[in-house]
Amino acid sequence: MNDSYQGYINHVVGLTRPEHYQQQLQNIQRSPKYKDVAGSWQPVPFPGYTVIAPPGSDDPVNQSFYQALQTAQRQLAEVLPDRFLIPLPQSSLHLTLADLLWADAFVAAQGLPDFDAKLHQEIAGVFQRDEDQKQGPLRFQALGYMVMPRALSICLVPDTEATFQRLMALRRSIYQTEALLGLGIEQHYNLTLHITLGYFGEIPPDLDIQAIGDRLCQLNPAAIVPLPEFVVQRAELRRFDDMETYLRESGWPMLEF
């Protein structure tokens, strides 16, 4: 893990520069998380567990932020090639705090005795240890678009180094808990805070990379009109079936910041 706040800032600033857009757009791929059904994009099964801030449907605090992201999605749809971006519904937009396991690893874990109960118990223990030092909500600012191999996201930065270190401490607690390691939970990605806006669908063979990169710069919502602050008041353990369905039942582990 990179424990340097300035190192994180430098990293994500680089991801939102025009030259990085041009480089990344050369290698994007259609997302396997969606399929075309009679001309309509439908999510395919992609099960797993994650620790996230409440998704748009369950987060009254950040509704103005999510509405701004939907405006950004509509603006992009007007200038990007038809069916190029598969926009996510506002109800499923979310900020991931710690990936746990998914796809084949999730399916394999379901074969372990009492896997779900043990996972919930261990995550609850991590949350309890963090909640004992309750310090208030985590706050973030939108920095700009981020082009990923199969998706387009909006990149976030913590408002202070203290916020960054609090989040890093939570992630260390998850990824370094021996019992969770025994359940197959491990860190696959370094921290790059983002909210996915949509996945790539049909990629034209003659995609104008220069033009797309320029449009991302021109339409960057964080540059045109500063987005509202994104406030995370709690972290939740959620199970997902696909990229649009994030489930949480009463009594599942939750951390109030």
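Given +1 at the Cβ of Lys and Arg, -1 at the Cβ of Asp and Glu and no other charges, the dipole of the chain around its Cα centre is 200 debye to the nearest 20. Once the Cα-Cα distance is subtracted from the 0.36 nm per residue extended length, the SER91 to GLU256 segment shows a gain of 57.3 nm. Where in the stretch 79-121 does the amide nitrogen come within less than 15 Å of the point 7 Å from the Cα of ALA179, taken along Cα to Cβ? Answer for the stretch 79-121: 113-121.
Taking only DSSP H segments of four or more residues, each worth -39500 (n - 2.57), what value at 222 nm results for the chain once the sum is divided by all its residues, to the nearest 500 deg cm²/dmol? Present the calculation step by step, with values, prior to reporting the outcome.
Numbers: 9 runs with 94 residues, N = 257.
So the helix-based figure for the chain works out to -11000 deg cm²/dmol.
Potential lengthening of the chain between ASP132 and ALA108 amounts to 5.3 nm, from the contour at 0.36 nm per residue minus the alpha-carbon distance.
Given the Cα-Cα distance of GLN218 and ARG74 and 0.36 nm per residue of separation, how much length would full extension add, in nm?
On the way: separation 144, 0.36 × 144 = 51.84 nm, distance 1.41 nm.
Using 0.36 nm per residue and subtracting the Cα-Cα distance, I get 50.4 nm.
Note on SER57 and GLN29: their simple-model spin labels are 2.9 nm apart, each label 7 Å out from Cα toward Cβ. So how far, in whole Å, is the C-alpha centre of the stretch 174-237 from the one of the stretch 1-51? Using only Cα atoms, the two centres lie 5 Å from each other.
Note on Cα Rg over 2.2 N^0.38 Å: of the candidates [x] 1.19; [y] 0.94; [z] 1.01, the value calculated from this structure sits at [z].
Read the figures in this text as sums done on the coordinates, not as results from a lab. All figures in this text were calculated on a predicted structure; none of them were measured in a lab. Positions of Cβ are backbone-derived with ideal geometry, glycine not excepted, and every protein chain shown enters the neighbour counts.
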